[in-house]
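Inspection log for the structure reproduced underneath, given as structure tokens.
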């Protein structure tokens, strides 16, 4: 199929390495963490700045650039309504501390670009943009109109798609705009996804305050840190998993590398470690032991067994529970966690079970809010088969279509397929736990991005007869 054309496209992709790196760096260097809303920028000036940069890039390349004025822009190959949307996002999660490389002054190192958002997903954004430029430069006549869409609130609720009630700057793309007939979402993995878990955000608060301890974890700017401040000095100079600093009060701290919420560590995190050390060292009062035992169990039980929500779906598997934050509210620890649940269990069932467990453990439910819904399509769908075949032909794998734990625009868009490469692939000399999406020293592999470009090139050509 299109042998000579594909050879030429592959040659141009390979020759695009320098431009791909430069565009990724250009986008990564924009700090697009959510911040205070301003007129025209409901999620802050950083996410808006990425949209403006994409529009600038698109116009310079001769694309048809559109600002929908809802936190979403597009650059299309042709004039008019796009038929195919390739959806990415310009917003990022907070960088936090502990980086060896500057998060917003991107570094090129051993074939990778390092910086916040590099793999989630500004590298993919640059890759798709450069691929569409190649199609334009080669004057490839498609029967349909493909477009790159970029949003600005994917990480924190996808309100760029569904809107914020009463906010004219965030009406929501799906409420006021016509979506493309079909969408692909590179913020995922190959070969292709056919479903995704839903999301629920939960906050529980202890019914009683702690005695002589203030406990916090996952605070802004320090997503991997847990801290206990003790009103006592008889604390060992060292603990197995925690650091100890003695002064007027004793500080006990624990650390674990931040991870994507779809992939929490079954060995626990900083909350697990600090609770274990305080309990094992006898530094917790009898009245507070049940609180620390529950927090220890909750932070380590990533499948939801302790919450009685461990429903296992044949294709999607078990839920994922990521316990990431503890706030101090008048001495009472308030723990926040996010659940990613499969089809087959409802948000109402999840909430009912959590309320029962929380009450029995001495906690109240302060929040239980549904986010993106769970969804699944037929894995025997012809489009799923076609996309999987194309991806496997290029990668040389024989991977099966999958369902995903993370939330993407595919959860909200009609006729959408997660179709992309997890491209962080850090250099071999990277310390363990670094380089991943949402993590410290996040990075993206340029070689893997170019593989993704080749896969997308073939998909765009094969879709010609389907969408034309």
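Considered as a group, the residues in region 220-244 that are assigned to a strand (DSSP E or B) and modelled with pLDDT under 95 include one that is surrounded by the most Cβ atoms within 10 Å (Cβ to Cβ), and that residue is 223. Does at least one position in region 139-158 carry a residue that is surrounded by fewer than 24 Cβ atoms within 10 Å (Cβ to Cβ), assigned to a helix (DSSP H, G or I) and in the same structural domain as residue 447 (by TED's automatic domain parsing)? No, region 139-158 contains no residue that is surrounded by fewer than 24 Cβ atoms within 10 Å (Cβ to Cβ), assigned to a helix (DSSP H, G or I) and in the same structural domain as residue 447 (by TED's automatic domain parsing). Count of region 278-291 residues, restricted to those that are under 36 Å from the mean Cα position of the chain (by Cα) and in contact (Cβ under 8 Å) with a residue 40 or more places away in the chain, is 6. Scanning region 414-440 for residues being farther than 22 Å from residue 265 by Cβ and in contact with a helix residue (DSSP H, G or I) (Cβ under 7 Å, 6 or more places away or on another chain) gives a total of 6. If a residue counts only when it is at pLDDT below 95, which strands (runs of 3 or more DSSP E) contained entirely in region 373-468 have at least 1 such residues? Those strands (runs of 3 or more DSSP E) span 402-404. Of all the numbered requirements in (1) closer than 29 Å to residue 12 by Cα; (2) under 16 Å from the mean Cα position of the chain (by Cα); (3) surrounded by fewer than 22 Cβ atoms within 10 Å (Cβ to Cβ), residue 444 misses one, and that requirement is (3).
Tallying residues that are part of a loop (DSSP other than H, G, I, E, B) and at pLDDT 95 or above within region 165-209 yields 15.
Name the pairs: first residue in region 170-194 and without any contact (Cβ under 8 Å) to a residue 60 or more places away in the chain and in the same structural domain as residue 263 (by TED's automatic domain parsing), second residue surrounded by 21 or more Cβ atoms within 10 Å (Cβ to Cβ) and in a strand (DSSP E or B), Cβ to Cβ under 7 Å, at least 6 apart or on different chains? Correct list of pairs: empty, since none qualify. Considering only residues that are free of Cβ contacts under 8 Å to residues at least 12 places away in the same chain and touching a strand residue (DSSP E or B) at 6+ places or on another chain (Cβ under 9 Å), which ones fall in region 356-369? Passing the criteria: only 359.
The values are calculated or read from the model by the stated rules, or taken from the named source; none is laboratory data. Just so you know, these numbers come straight off a predicted model, no measurement behind them. Reconstructed Cβ throughout: ideal geometry from the backbone, glycine too, with neighbour counts over all protein chains shown.
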